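The values are calculated or read from the model by the stated rules, or taken from the named source; none is laboratory data. Note that this is a predicted model, so its numbers are computed, not measured. Cβ coordinates were reconstructed from backbone atoms using ideal geometry, including for glycine residues, and neighbour counts include every protein chain displayed.
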């Protein structure tokens, strides 16, 4: 079986939730697929969070719970030739692209069968088979990576590069350098700013002057702002932006307004948020928004939606068991993933 981006489905425990998505149409099946993908991301991260809290995952873990509509909507309209650069909060992008969830969780657990052999951990996942050129631990690193990838794609004649990054990254110097370079050279790149209102613990308005969209607009980049908790609004904006970049009209920019439920990482107290803010955003949870639309548009019952959630939970439990059972890397294999690179002769 092949996934939505043309690569093999390596899960083995169940059909992955993204396989039914059709990039060029909207139907009950496609829209249920969008909902299923978001539920899968949520349940996967809940499982990962529990494993982290018990010490099974070392280092840090950055969760995107509350933001699932952004990666789901954007990745649902990508083509196999497109490339994606994500952030250290990139589990949602990985899963929406079709990265093997067993391999992803095994990577978080530093297992030999992880998508990067257990060497990358949570923040630095790469899976070229699914168009993921990297999750970048450096704030805004995805912006530079996707701009370079877009230059390569333009020279090769096909594909669009997509960068995901947070609102805090728009104050990095290379944000301006890369957007300017992309605009001047008409690069096929889409910049997706996941504006969750906070850069780590700091409210956006304390460090960011003016509107985020004013920055790409000043460079003549086609830009739009959407409700990042509505997967269909994100999907429509992504289709428009990708069509714009694919047609040779240069870069496009999407600001997706959303909200992060969890701490930034490693259990910060989340006491920097105003009273009532979390509750207001949870009332517009991406999963609740999707359930309401599915009920209104297609008459999907609560029982049917609960069944989807139950099936996803069963799938995630199977993923968790398979990842935990996977072996750890062997010390004798240290560095073996770089062997083919090291053996290449380079003419200087």
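Key figures for this structure:
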quantity	calculated
One residue from 116, 64 being surrounded by 24 or more Cβ atoms within 10 Å (Cβ to Cβ) and modelled with pLDDT under 95	64
Hits in the range 167-192 (condition: in contact with a strand residue (DSSP E or B) (Cβ under 7 Å, 6 or more places away or on another chain) and either surrounded by fewer than 17 Cβ atoms within 10 Å (Cβ to Cβ) or modelled with pLDDT under 95 (or both))	167, 168, 170
Matching residues, the range 234-290, being outside any loop (DSSP other than H, G, I, E, B), exposed (fewer than 13 other Cβ atoms within 10 Å of the Cβ) and at pLDDT below 95	277, 279, 280, 282
Subset of the range 80-92 [part of a loop (DSSP other than H, G, I, E, B) and either more than 19 Å from residue 46 (Cα to Cα) or under 8 Å from the mean Cα position of the chain (by Cα) (or both)]	80, 81, 82, 89, 90
Which numbered condition residue 144 misses (of (1) farther than 22 Å from residue 287 by Cα; (2) at pLDDT below 90; (3) touching a helix residue (DSSP H, G or I) at 6+ places or on another chain (Cβ under 9 Å))	(2)
Some residue of the range 121-132 being surrounded by fewer than 24 Cβ atoms within 10 Å (Cβ to Cβ), farther than 28 Å from residue 211 by Cα, at pLDDT below 90 and in contact with a strand residue (DSSP E or B) (Cβ under 9 Å, 6 or more places away or on another chain)	yes
Residue check for residue 65: under 17 Å from residue 234 (Cα atoms), in a loop (DSSP other than H, G, I, E, B) and in contact with a helix residue (DSSP H, G or I) (Cβ under 7 Å, 6 or more places away or on another chain)	yes
Yes/no for residue 316 being in contact with a strand residue (DSSP E or B) (Cβ under 9 Å, 6 or more places away or on another chain), surrounded by 13 or more Cβ atoms within 10 Å (Cβ to Cβ), modelled with pLDDT of 95 or more and part of a helix (DSSP H, G or I)	no
Filter result for the condition that a residue is assigned to a loop (DSSP other than H, G, I, E, B), within 28 Å of residue 154 (Cα to Cα), touching a strand residue (DSSP E or B) at 6+ places or on another chain (Cβ under 9 Å) and in contact (Cβ under 8 Å) with a residue 12 or more places away in the chain, over 99, 70, 77	99
Residues of the range 209-233 that turn out to be buried (at least 21 other Cβ atoms within 10 Å of the Cβ), closer than 20 Å to residue 188 by Cβ and under 21 Å from the mean Cα position of the chain (by Cα), as a count	1
